[in-house]
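Input: a single structure, listed below in C-alpha cells.
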Amino acid sequence: MELRSIYNEILTEHNMHPNNKHEIEHPTIELRGVNPSCGDDITLKLQLDGDVVVDGGYTGTGCAISQASADMMLDLIIGKDKEEALRLGELFMGMIKGEVKEDEVLEELDEAIALRDISHMPARVKCAVLGWRTLSQMLDKEEE
C-alpha cells in the first residue's frame, strides 16, 4: 500500500472516530482556537497533575484535517509533561514548515506525521496547526 494512502487512512480514522473529541469534566486549563479563514473552531481542555497532562479533550467543529490533527495531538501529549508537549508542538510546526524532514526525528510525532505533506496545500496549513497552536498558547499562558 502506498504511503500516501496509509496517511489518508490515518486522517480519516481520526476524523471519523476520534479518541479525544469529548468534554473534560474539570479541566485545569482550556482555550478556544479559531481559524477564521475556514471556520474551524475548537475548544481544547486539559487536566494537569503538576506539570503532567493526565487527560485532554476537545470539542468544536471544523474540517477533517483540523479535527484529525487535534485528535492525534492529544493522543501524543496525554501522559507527557508540559515541556515535552511544547517540544512536540515545535517539532510538528517544524515539520509543517518543512524545516524538519528527517524521518527518524519525525517518528516522535507518531501518527501526526501523516500531516507532513500539508505544506503543499497552503490553504490547509492553518487547519492542521489549529490544535497545536492552541496547545502552545494555552501552555505558554499557563506559565505566566
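Just so it is clear, none of the values below were taken in a lab; they were calculated from the coordinates. The model shown is predicted, which means the values in this text are computed figures rather than measured ones. Note that each Cβ is placed from the backbone with ideal geometry, even for glycine, and that neighbours are counted across all protein chains shown.
Give me the percent of Cα-Cα pairs in the chain that sit more than 17 Å apart, rounded to a whole number. Kindly include the intermediate steps, with their values, before the conclusion.
Values: 5868 of 10296 pairs.
Looking at the chain, the distances longer than 17 Å represent 57 percent of pairs.
Rounded to the nearest 20, the Cβ-based charge dipole of the chain about its Cα centre (Lys and Arg +1, Asp and Glu -1) stands at 720 debye. For the peptides 115-128, 13-26, 60-73, the ranking by mean Cβ contacts within 10 Å, running from highest to lowest, is 60-73, 115-128, 13-26.
Do the alpha carbons of any pairs in LYS21/LYS101; LYS21/LYS80; LYS45/LYS80; LYS21/LYS45 sit beyond 22 Å of each other, and which pairs? Too far apart for the 22 Å limit: LYS21/LYS101.
Label sites at ASN19 and VAL54, each approximated as a point 7 angstrom past Cα along Cα to Cβ, lie 1.9 nm apart. Whole-Hz Karplus values for the stretch 36-52 come out as x, 6, 9, x, 4, 8, 10, 10, 9, 10, 10, 10, 10, 10, x, 9, 9 Hz, taken residue by residue from phi with 6.51 cos²θ - 1.76 cosθ + 1.60 and θ = phi - 60°; glycine and proline positions read x.
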